[in-house]
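Heads up, the thing below is written out as structure tokens.
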């Protein structure tokens, strides 16, 4: 999915990148690599409650692909997760450890609670 660019009033330059599960994938890292050239120095990893990848499984997605889409997705990792906070921590770690993200970039983790309509911080240390 292409990132969406928003330029709010002021000096902030914000990129919104959404993908299934909010997971940090290779295509996200490639996109972020380019945004660093434009001065981006903060990434917020945000997952949300009620996500379809919560408690899902690769096996179940793969089982559906063949009869519904006629695609063998046997090698695809859909990055499902059981614990939302841990999935955020994992994605933050992946970004912080990536050789394509400069050490000057702050990476924070958050969960958006759909019912409460609130963003909460996740301890990623």
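If you go through segment 71-104 and pick out every residue that is touching a helix residue (DSSP H, G or I) at 6+ places or on another chain (Cβ under 7 Å) and either at positive phi or touching a residue at least 40 places away in the same chain (Cβ under 8 Å) (or both), you end up with 8. Every condition in (1) under 27 Å from residue 125 (Cα atoms); (2) modelled with pLDDT under 90; (3) surrounded by 10 or more Cβ atoms within 10 Å (Cβ to Cβ) holds for residue 5 except the one numbered (1).
From the list 98, 57, the one residue that fits, being surrounded by 14 or more Cβ atoms within 10 Å (Cβ to Cβ), modelled with pLDDT of 90 or more and within 19 Å of the chain's Cα centre (by Cα), is 98. Kindly check whether there is at least one residue in segment 68-84 that is more than 17 Å from the chain's Cα centre (by Cα) and modelled with pLDDT under 90. Scanning segment 68-84, I find no residue that is more than 17 Å from the chain's Cα centre (by Cα) and modelled with pLDDT under 90, so the answer is no. Residues in segment 60-85 that are surrounded by 12 or more Cβ atoms within 10 Å (Cβ to Cβ) and under 25 Å from residue 108 (Cβ atoms): 78, 79, 80, 81, 84, 85.
The values are calculated or read from the model by the stated rules, or taken from the named source; none is laboratory data. Every value quoted in this text rests on a predicted model; they were computed, and no experiment measured them. Here Cβ is always computed from backbone atoms with ideal geometry, including for glycine, and neighbour counts include all displayed protein chains.
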